[in-house]
């Protein structure tokens, strides 16, 4: 299951540098698939293929946010999600909209990092 940042976020930024997949972004900032990964192209759900460096719309304009498609809960890097471990207000929590088992998280990590 991917991690999400709730609206209790105080925008301290402690989580952002901890993410091994660069899946965490400051509110209002665009993101891309390439950052922190080895991806050069990404096939979207509609079948379209985009350049991984193509800027994407922010998920949140107000708070730090996690791109669920890049979140592996730190699987293959750490024993637990590092964003949750360093968050001073415990607002990095499992996202019920993106439930994934360990095999799926390992496969996502391998896809993101071309292993």
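Here are a few things to note about the model shown:
- Paramagnetic label zone (point 7 Å from Cα along Cα-to-C-beta, residue 10; backbone N under 13 Å) in segment 82-115: 87-91
- Sorted by Cβ density within 10 Å, fewest first, the residues 57, 73: 57, 73
- Rounded if a/c under 1.5, otherwise prolate or oblate - segment 59-115, Cα gyration tensor axes: prolate
- Overall form of the chain per C-alpha gyration tensor (a/c, 1.5; a/b vs b/c): oblate
- Pairwise centroid distance, computed over Cα atoms, of segment 60-104 with segment 1-48, Å: 9 Å
- Listed by Cβ neighbour count within 10 Å, with the fewest neighbours leading, 89, 49 appear as 49, 89.
- Length gained on full extension, residue 93 to residue 38, computed as 0.36 nm times the residue gap minus the Cα-Cα distance: 17.2 nm.
- MRE, 222 nm, helices only [DSSP H, n ≥ 4, -39500 (n - 2.57), over the chain, to nearest 500]: -3500 deg cm²/dmol
Every number here is computed from the coordinates shown, using simple stated rules; none is lab data. Keep in mind the model is a prediction, meaning the values are calculated, not measured. Backbone-built Cβ (ideal geometry, glycine too); neighbour counts: all protein chains shown.
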